[in-house]
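Notes follow once the structure below has been shown.
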Amino acid sequence: MKIYVWDFPTRIFHWLLVVTFAAQYLTGELLDDAMQWHFYGGYVMLGLIIFRLLWGIVGAYYARFSQFIHGPTTTIAYAKSLNKSSYTTYLGHNPLGAYSIIFVMSMLLTQTVSGLFITDDIFYSGPYHSVVSDAVEDIMNMLHSNAVNAVLFFLVLHITAMILYKRLKGQALLKAMVTGRKELSESQVSKLENIVASKNHWLRFVFVASLSAGAVYLIVVSFAPELADDFYY
Ligand code: HEM
Ligand code: HEM
């Protein structure tokens, strides 16, 4: 039986996040002379994070935080049951996956917000660089250099989890994040109490996406202080 779990907005969010993160890593760590693009990518990332936070409140059924964030008791019970055949199947994110998502989103937010306050000491400064003291800038620099490693650590776990769920549990999580549909066996269906299919709330999607873009504009352009001209050319 196939069930529509990941709505279009959640999937497009995920794959844009992957592309944007790759672009940020490339332009921040590997390429010289790409700082302007790094800034643009950072603003896209900010918009994606704001979008996902809002979509987690008003979005489709399985995208909502209230649907997939569970307390410690359920999460520990799930972790303990993983090596048993009677483990609980979750149609949306499982309780452990949910915490890894909170972790990576917090790290990406840290990375993006810290970027707004730092400078490459050559030509480019984040829009809020001029309002912070040297001490705060040092902290932001430290966060910006290190949070990215936490995201890379998450990525290793993330990909390993996909492979293990496929090999050991027969769950094609990757395919579901591409097509939106999860394929369930008869026995899995019989264990699930209520099966809800997701919906694409198009109007809400357009509204929330526009709101997120507007919020980025306000943060990056409208509320940003005048840039101090403190470079030596
Ligand atoms: C999630 C989004 C972001 C990621 C993954 C990211 C990643 C990175 C990485 C890996 C570096 C190299 C760090 C190092 O070598 O120590 C870097 C440098 C930098 N990033 Fe970002 N960044 C992001 C967002 C931003 C934003 C929004 C801004 C500013 C608006 C920004 C401004 C900078 C600057 C100015 C540098 C150069 C710092 C230096 O030369 O010491 N970043 N970023
Ligand atoms: C090519 C590499 C990647 C693959 C194959 C992949 C695959 C997936 C899959 C299958 C899920 C759904 C998991 C589930 O069923 O519970 C997922 C969720 C998620 N992944 Fe990835 N992922 C990749 C890279 C990334 C990267 C680079 C990031 C962040 C920088 C990321 C962040 C997330 C987040 C935040 C979610 C939750 C999505 C949501 O609820 O909106 N992933 N990923």
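Each reported figure results from applying straightforward, stated rules to the coordinates on display, with no laboratory input. Computed from a predicted model, the values in this text were never measured in an experiment. Here Cβ is always computed from backbone atoms with ideal geometry, including for glycine, and neighbour counts include all displayed protein chains.
Could you tell me the largest-minus-smallest coordinate of the C-alpha atoms of segment 2-222 on each of the three principal axes, in descending order and whole angstroms?
61, 38, 31
Taking R0 as 35 Å, what's the FRET efficiency between GLN36 and LEU211 from their Cβ-Cβ distance, rounded to 0.05?
0.85
Please turn the phi angles of segment 156-171 into ³J(HN,Hα) values with the Karplus equation 6.51 cos²θ - 1.76 cosθ + 1.60 (θ = phi - 60°), one per residue in order, whole Hz, x for glycine and proline.
Each residue of segment 156-171 in turn: 4, 5, 4, 6, 4, 4, 4, 5, 5, 4, 6, 5, 8, 10, x, 9 Hz.
Once R0 is set to 35 Å, what does the formula 1/(1 + (r/R0)^6) return for the Cβ-Cβ distance between LEU164 and VAL58, expressed as a FRET efficiency to the nearest 0.05? Could the numbers behind the result be given before it?
Working: r = 33 Å, r/R0 = 0.93.
The computed FRET efficiency comes out at 0.60.
Which peptide among 38-51, 113-126 comes first, and what is the full order, when sorted by highest mean count of other Cβ atoms within 10 Å?
Packing order, densest peptide first, comes out as 38-51, 113-126.
Please find the FRET efficiency linking ILE139 to LEU203, where r is the Cβ-Cβ separation and R0 is fixed at 35 Å, and quote it to the nearest 0.05.
E(calc), rounded to 0.05, equals 0.25.
Can you tell me how much longer the chain between LYS191 and VAL221 gets when fully stretched, taken as 0.36 nm per residue apart minus their C-alpha distance, in nm with one decimal?
Stretched fully, the LYS191-VAL221 segment lengthens by 5.7 nm.
Rounded, prolate or oblate: which one fits segment 101-202, using the alpha carbon gyration tensor with axes a ≥ b ≥ c (rounded when a/c is under 1.5, else prolate when a/b beats b/c, else oblate)?
Prolate shape, in that a/c is at least 1.5 and a/b is the bigger ratio.
How long is the gain from LEU26 to SER100 if the chain were fully straight, where each residue apart is worth 0.36 nm and the alpha carbon distance is subtracted?
Stretched fully, the LEU26-SER100 segment lengthens by 24.3 nm.
Could you state the number of Å between the C-alpha centres of segment 35-49 and segment 130-166?
15
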